[in-house]
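J.: One structure coming up, written as structure tokens, with questions to follow.
The values are calculated or read from the model by the stated rules, or taken from the named source; none is laboratory data. These figures come from a predicted structure and were not determined experimentally. Every residue, glycine among them, receives a Cβ derived from its backbone with ideal geometry; neighbour counts consider all protein chains shown. Please note that ligands, DNA and RNA were not included when accessible areas were found on the heavy atoms of the full protein model with its side chains. Shrake-Rupley method; radii C 1.70, N 1.55, O 1.52, S 1.80 Å.
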Amino acid sequence: LANRTKTEFMARMSHELRTPLNAILGFTQILQRDTPRTLVPEQKRELEHVLHAGHHLLSLIDDLLDLSRVEAGTLRLQFTDVDAAAVVRDAMGQIAAQAEALGVHVALDAPDAPLPPALADRTRLRQVVLNLLSNAVKYNRPGGSVGLRLSAEAGRLRLAVRDTGCGLSPAQIEQLFQPFNRLGREASDVQGTGIGLVITRSLVELMNGRLDVSSQP
């Protein structure tokens, strides 16, 4: 009952928060579009900061709502046959600009022959891949790389994501799936909430999968 009440509260609050936030984002985009010639460089940078912070807050609201639904057991999935390779390529396209800005090379290794479809919720599978890929890019190093490998093993699909970031110690791996624990990265300039991986693992398990991690500093 407590979890259900919390989920209902989060759903109402997320709606109340989204309404003014969408107005802020909308008017910021209008200012960027309609006044580019009258803005000085400093004002343009300030608008970019407003837009970036607004999108980050919107993402945080969505993550908190997902987390509350997972904890309450009220998150519903729509299972269909999904082309996992297409989902991965879609996520790569979404992250391409961020990877290019950070100088990180992203590559996919997948068989030439079509893989069997995955029984999954396409939207949530895309969310999983996008989160793993986003983390691999933003916690990487300039000039680093991210490699994705998609394969079929014993009737199951396996996606491996490997990056050249600073890595994790055994103690950090033990705390990796604790909500709001960013493992010391909160002192860096990389934005995050510390709940993305918690949601990602829960989504994978709800789709009858498993999320494993192997890393070293």
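J.: Kindly indicate whether Ser59 is hydroxyl-bearing (Ser, Thr, Tyr), open to solvent by less than 50 Å² (accessible area, probe 1.4 Å) and at pLDDT below 95.
T.: For Ser59, the condition - hydroxyl-bearing (Ser, Thr, Tyr), open to solvent by less than 50 Å² (accessible area, probe 1.4 Å) and at pLDDT below 95 - is not met.
J.: Another question, then. For segment 29-51, how many residues meet the condition of being assigned to a helix (DSSP H, G or I) and either surrounded by 12 or more Cβ atoms within 10 Å (Cβ to Cβ) or in contact with an Asp or Glu (Cβ under 6 Å, 6 or more places away or on another chain) (or both)?
T.: Total satisfying the criteria: 10.
J.: Is it the case, given these coordinates, that Asp81 is modelled with pLDDT of 80 or more, touching a strand residue (DSSP E or B) at 6+ places or on another chain (Cβ under 7 Å), open to solvent by 90 Å² or more (accessible area, probe 1.4 Å) and on the phi < 0 side of the Ramachandran plot?
T.: yes
Here's the yes/no breakdown for (1) modelled with pLDDT of 90 or more; (2) open to solvent by less than 30 Å² (accessible area, probe 1.4 Å):
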| position | (1), (2) |
| --- | --- |
| Val146 | yes, yes |
| Leu157 | yes, no |
| Gln172 | no, no |
| Leu176 | no, yes |
| Val198 | no, yes |
| Ser215 | yes, no |
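J.: Hey, among the residues in segment 90-107 that are open to solvent by 50 Å² or more (accessible area, probe 1.4 Å) and touching a residue at least 12 places away in the same chain (Cβ under 8 Å), which one's nearest to Gly144 (Cα to Cα)?
T.: Out of the qualifying residues, it is His105.
J.: Given the condition among the polar types (S, T, N, Q) and more than 22 Å from Leu159 (Cβ to Cβ), answer yes or no: does some residue in segment 43-54 qualify?
T.: Yes, the conditions are met somewhere in segment 43-54.
J.: With respect to Gly26, determine if the residue is out of contact with any Gly (no Cβ under 7 Å at 6 or more places or on another chain), assigned to a helix (DSSP H, G or I), closer than 20 Å to Gln98 by Cβ and open to solvent by less than 50 Å² (accessible area, probe 1.4 Å).
T.: Considered against the rule, which asks whether it is out of contact with any Gly (no Cβ under 7 Å at 6 or more places or on another chain), assigned to a helix (DSSP H, G or I), closer than 20 Å to Gln98 by Cβ and open to solvent by less than 50 Å² (accessible area, probe 1.4 Å), Gly26 comes out as no.
J.: Right, something else. Quickly run through segment 113-138 and pick out the residues that are assigned to a loop (DSSP other than H, G, I, E, B), surrounded by fewer than 19 Cβ atoms within 10 Å (Cβ to Cβ) and not small (Gly, Ala, Ser).
T.: Pro114, Leu115, Pro116, Pro117
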